[in-house]
Amino acid sequence: MATQIVMDHTGDTRHYFDAKDAQALAKAEERFKELTRDGFTAAVRNAAGDVSRVRSFDPTAEETLFFPRLVGG
Amino acid sequence: MFLFGRYPVEARSLIRVVRRLSRIFSSKDNSEARSQRLLRTWLTPEQRAQFDAKRYFDVIGCDSRKRYRIYYGTATNVHEIDVAGRPKVGWCFVPDGYLAAGDIMLAQKISLETNEVGALLIANRFPIELSRRY
């Protein structure tokens, strides 16, 4: 089961989907586009723990993390 | 016993409120606890060990290869570290919105490791002398 994790005031909200289900995959891709359009950064990590940013939806990603746009503190 | 005898309804109501508040603040599922769990999951084994021992972890900027230290906190918690391991300057940048400390620290880590220049362009510099940590 693939997961999209979106940071929010509750800690995070998780969206689970079956990447083999075309309808669920389309919904996940739409969520990805909406979030990144709203300024969220999307990131994935590999088995070693190295993190990378992703700018387009990766249907093979097991876990994608989204955090809101940065602002100066 | 005295409370229940004299103010049965009020006392029980108060106890219920206190219990509920206690559950909220000590819950392992509040935003802070959830953000800490998420952060720990995304740290490398070395960063996790450092964070467990010292309440901070180091990251290497993807562009400059400089070292930054991210302290537990929600603001003025990122310090650039010089080659001798001393804090050099502070950088203040956070994800927009009301997020718990773990989420903020994770966003700071990912930003420095994947888009250092972009993060520092947004960030405000601050002198370390102003920080309470030194």
Tally time: how many residues in the range A:13-63 are in a helix (DSSP H, G or I), among the acidic types (Asp, Glu) and closer than 20 Å to B:Asp103 by Cβ?
-> 1
Hey, could you check the range A:10-20 for residues that are over 28 Å from B:Gln47 (Cα atoms) and surrounded by 12 or more Cβ atoms within 10 Å (Cβ to Cβ) and say which is farthest from the other protein chains (Cβ to nearest Cβ)?
-> A:Asp18
Take the residues in the range A:28-58 that are surrounded by fewer than 14 Cβ atoms within 10 Å (Cβ to Cβ) and more than 14 Å from every other protein chain (Cβ to nearest Cβ), then tell me which one is nearest to B:Arg48 (Cα to Cα).
-> A:Ser56
For B:Arg86, which of the numbered conditions (1) open to solvent by 50 Å² or more (accessible area, probe 1.4 Å); (2) facing chain A (nearest Cβ under 7 Å) fails to hold?
-> (2)
Checking B:Gly102 against (1) surrounded by 19 or more Cβ atoms within 10 Å (Cβ to Cβ); (2) more than 9 Å from chain A (Cβ to nearest Cβ); (3) closer than 16 Å to B:Arg37 by Cα, the condition it does not meet = (2)
Would you mind telling me which numbered condition in (1) under 24 Å from B:Leu121 (Cβ atoms); (2) in contact with a helix residue (DSSP H, G or I) (Cβ under 8 Å, 6 or more places away or on another chain) A:Asp38 fails?
-> (2)
Does any residue in the range A:22-35 that is over 14 Å from A:Glu63 (Cα atoms) come within less than 6 Å, Cβ to Cβ, of a residue that is modelled with pLDDT of 95 or more six or more places away or on a different chain, and which pairs are these?
-> A:Ala24/A:Phe17; A:Ala24/A:Asp18; A:Leu35/A:Phe66
In the range B:32-64, what residues are surrounded by fewer than 16 Cβ atoms within 10 Å (Cβ to Cβ) and within 11 Å of B:Glu113 (Cβ to Cβ)?
-> B:Ile60, B:Asp63
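The values are calculated or read from the model by the stated rules, or taken from the named source; none is laboratory data. What you see is a predicted model, and the numbers here were worked out from it, not measured in a lab. Reconstructed Cβ throughout: ideal geometry from the backbone, glycine too, with neighbour counts over all protein chains shown. Heavy atoms of the whole protein, side chains included, go into the accessibility calculation; ligands, DNA and RNA do not. Shrake-Rupley method; radii C 1.70, N 1.55, O 1.52, S 1.80 Å.
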